[in-house]
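As structure tokens, the structure follows; a few thoughts come after it.
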Amino acid sequence: MGDRHRLLVRGRTFVAVGAGGDISGVGGARGGGSGPDGLFVRDARHLSRWQLTVDGAVPEVLAPVEMPAAATDAARCVLVPRGGRQEPPAYTLLREQAVADGAFVESLRIVSNRPVATRVRIALTVDADFTDQFELRADHRTYAKPGAVRTRRALDGDDGVRGVEFGYRRGEWRSRTTVTADPAPDAVEETGGGARRLVWTLELDAHDTVEVALRAAACPHGEAEPRLPASPADAARQLDATCDDFTSGVTLPTRWPALADACARGLADLAVLRVPVAGPDGEVLGVPGAGVPWFLTLLGRDALLTSLFALPYVPGLAAATLPALAATQAAETVRGAAAQPGKIVHEVRHGELAHFGQVPFGRYYGSVDATPLFLVLLGAYTEHAEQLGDPGGTALARRLEPAARAAVGWMLDHGGLTTRGYLVHRADPGGLANQNWKDSPGAICSADGSAASGPVMAAGAQGYAYDALVRTARLARTVWGDPVYADLLAQAAADLRDRFQRDFWMPGRDFPALALDGEGHQVDALASDAGHLLWSGLLDKEYGEAVGRRLLEPDFFSGWGVRTLAAGQPAFHPLSCHRGAVWPHDNALIALGLARYGLHDEARTVARALISAATTAGGRLPETLAGYDKAAYPVPVPYPHACHLESKSAAAPLALATAVGGA
């Protein structure tokens, strides 16, 4: 893994450690490539140091921590005291680490390698800085924290000091982290700068083994201390049981073993990426968190696409995601949050900066496509349930009818379908520059690289809107008993289809424009978003087949997948996330679209490319790959700022299995 941190994840909690199991608390800005290290819960770092020394020195890493083969496994590494060839290590240290909800646990075993008694001095330096994740990004922003106070106090036990508690307060905001050990340390020392050092002097008999159990419990604002597992093995067993329940009854493709392996790995990752979200009636729902380390929270678009990909295999994700998003649907206009009535939330944050309004993402609605995707998933889930004879789909469609009608209302009114003929988004000075899936600045550009000006009408979002109108018209007709509303939506869909092919199609290039700018001019970059139009069914058959075949030509297709932007255009850059890189979820949508238009060989080509990339990484697809050609780089080149675990990528193999029928 190079210098990347090793990640352990469970729902809203994750820990990132180095090769020797330590947390250093240095660096960690997004621009650094490896992300922050520490224990994170609900957008805040609850451990910023966790550093082991033995006999006053940092031990040597004999067997480094690796990303666990399964997301539920504990992490392990082997350390020894530093020395020379002539003096074999007197003892070996075995670290085993795991996470539970709000907790990080470690078992440290010291094994004597000598036939005589050995004394070992162990020290663990710990600290909690309670940094908000937004402070760790490389965006050159700083945030004032007036009145913030950090505290540290010893935790007394029956036989002395058993650990330390770190606290943080700012106004009404309160957080704390407790670190405890068994056996209790001999001393807890101040180190300067606020950290504390837990110290043990251990006496080992000949070939003896001594174990120290270490536990860190995070208490985010407004929450009680979590229940701690007894050991890393206990935490892993608890997580195994949760994941087994999640994947129970899932049938994976068997004719293509590598695809089956990628699907299994993806399901295991999805099981641990689920975050708790309150539903409309206060029920707790497990929805897909977007990704680690930066987005372990509810992102509307990500949760919706993940649930759509997983729908044929794990429909429970959709059943949780839909009411969770209905519960956070905007009811009024809130300018700083980009909220408008009926709009589906883009991002929900729980950290200190969101609480005090210093970032807009407490509930942020800066997405033009989450709202139509909500309707697409509701329609797809209802149809899937009907095919299985499950009345739950119809029941959910009835329960969420008000939310669905409000979402349609947003598309027609605030979204722009009625006034502009298309869904429109504008740059948000306090939030996102672009509000479609390619949301980085400059992502919506012409072939020469110039950014689109004014309000933007992104092509992919129009496809989602078309599909949303078609599916919701069906719900209105078959579930809600409202044929007049159904006819209105069906006509709106047909009109959108006609307009789109007139306004977006570039006859000289036989391809749709990436977008229309504020003046209605075509933004002419050749981009992978055209494949989303195949998935949505927006294009006529002749146009769709031309687009599908064009996406498999060498300037688009790298051998690892379809690039976000075709090579050869001045705007192309293989290490730009939205102007040349390869995204597995983007390619999954393309594969589903190719299959929809009968281009099955092309769909299999895309699937083979992605599964080949997954095979080089133990079956796991990353969030993003660099857009270099496979012929020149026979191993995928990582994109430097990708999430290590990402829900859309985890679900992408499931979408590929649907697209190719498992073959």
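The values are calculated or read from the model by the stated rules, or taken from the named source; none is laboratory data. Note that the coordinates shown come from a computational prediction; the quantities given were computed from them, not determined experimentally. All Cβ positions, even for glycine, are placed from backbone atoms using ideal geometry, and neighbour counts span all protein chains on display. Heads up: the accessible areas ignore ligands, DNA and RNA and are worked out on the full protein's heavy atoms, side chains in. Shrake-Rupley method; radii C 1.70, N 1.55, O 1.52, S 1.80 Å.
Points to keep in mind about this one:
- Restricting attention to region 522-540 and to residues that are open to solvent by 20 Å² or more (accessible area, probe 1.4 Å) and outside any loop (DSSP other than H, G, I, E, B), the residue that is farthest from T419 (Cα to Cα) turns out to be W535.
- Lone qualifier among A566, A571 - being small (G, A, S), on the phi < 0 side of the Ramachandran plot and in contact with a Cys (Cβ under 6 Å, 6 or more places away or on another chain): A571
- If you check A595, A567, A571 for being at pLDDT 95 or above, assigned to a helix (DSSP H, G or I) and among the small types (G, A, S), only one passes: A595.
- Some residue of region 444-459 being over 19 Å from V345 (Cβ atoms), assigned to a helix (DSSP H, G or I) and without any contact (Cβ under 8 Å) to a residue 40 or more places away in the chain: no
- Enumeration of residues in region 279-295 that are open to solvent by 30 Å² or more (accessible area, probe 1.4 Å) and within 10 Å of G11 (Cα to Cα): G286
- Residue list for region 175-197, filter: within 35 Å of the chain's Cα centre (by Cα) and either more than 25 Å from A224 (Cβ to Cβ) or not in a strand (DSSP E or B) (or both): G193, G194, A195, R197
- Of the criteria (1) touching a Lys or Arg at 6+ places or on another chain (Cβ under 8 Å); (2) open to solvent by less than 10 Å² (accessible area, probe 1.4 Å), which one I344 fails: (1)
- Residues being touching a residue at least 24 places away in the same chain (Cβ under 8 Å), surrounded by 11 or more Cβ atoms within 10 Å (Cβ to Cβ) and either among the small types (G, A, S) or within 20 Å of G192 (Cα to Cα) (or both) - total across region 107-159: 19
- Residue tally, condition under 23 Å from N436 (Cα atoms) and either assigned to a helix (DSSP H, G or I) or in contact with a Phe, Trp or Tyr (Cβ under 8 Å, 6 or more places away or on another chain) (or both), over region 294-319: 15
- For the criterion of being surrounded by fewer than 23 Cβ atoms within 10 Å (Cβ to Cβ), in contact with a helix residue (DSSP H, G or I) (Cβ under 6 Å, 6 or more places away or on another chain) and modelled with pLDDT of 95 or more, L353 passes.
- Any hit, region 546-562, residues being open to solvent by less than 40 Å² (accessible area, probe 1.4 Å) and among the hydroxyl-bearing types (S, T, Y): yes
- Residue in region 364-372 that is part of a helix (DSSP H, G or I), within 24 Å of the chain's Cα centre (by Cα) and not hydroxyl-bearing (S, T, Y) present: yes
- Those residues of region 484-521 which are out of contact with any helix residue (DSSP H, G or I) (no Cβ under 8 Å at 6 or more places or on another chain) and either assigned to a strand (DSSP E or B) or open to solvent by less than 10 Å² (accessible area, probe 1.4 Å) (or both), in sequence order: M506
- Test: residue in region 208-220 that is more than 30 Å from L285 (Cβ to Cβ) and either at pLDDT below 85 or open to solvent by 50 Å² or more (accessible area, probe 1.4 Å) (or both): yes
- Scanning region 606-636 for residues that are aliphatic (A, V, I, L, M), part of a loop (DSSP other than H, G, I, E, B) and under 17 Å from F556 (Cβ atoms) gives A626, A631, A632.
- Yes/no for L526 being closer than 27 Å to H425 by Cα, out of contact with any Lys or Arg (no Cβ under 9 Å at 6 or more places or on another chain) and not aromatic (F, W, Y): no
- Index of the failed condition, A642 passing every other in (1) assigned to a helix (DSSP H, G or I); (2) of a type in the set (A, V, I, L, M); (3) under 18 Å from A262 (Cβ atoms): (1)
- Leading residue by the ranking (surrounded by the fewest Cβ atoms within 10 Å (Cβ to Cβ)) among those in region 428-460 that are within 16 Å of Q340 (Cβ to Cβ) and over 21 Å from the mean Cα position of the chain (by Cα): G430
- Condition met for A473 (touching a residue at least 24 places away in the same chain (Cβ under 8 Å), over 15 Å from W535 (Cα atoms) and surrounded by 20 or more Cβ atoms within 10 Å (Cβ to Cβ)): no
- Figure legend. Inter-residue proximity from region 227-247: first residues open to solvent by less than 60 Å² (accessible area, probe 1.4 Å), second residues modelled with pLDDT under 85 and in a helix (DSSP H, G or I), beta-carbon distance below 7 Å, spacing 6+ or different chains. Indicated pairs: P229/A235; P229/Q238.
- The conditions of being touching a residue at least 24 places away in the same chain (Cβ under 8 Å), among the aliphatic types (A, V, I, L, M) and either out of contact with any helix residue (DSSP H, G or I) (no Cβ under 8 Å at 6 or more places or on another chain) or more than 28 Å from Y91 (Cβ to Cβ) (or both) are not met by A224.
- Candidate set: region 563-615, residues that are small (G, A, S), touching a helix residue (DSSP H, G or I) at 6+ places or on another chain (Cβ under 7 Å) and within 17 Å of G661 (Cβ to Cβ); chosen: the one most open to solvent (accessible area, probe 1.4 Å): A595
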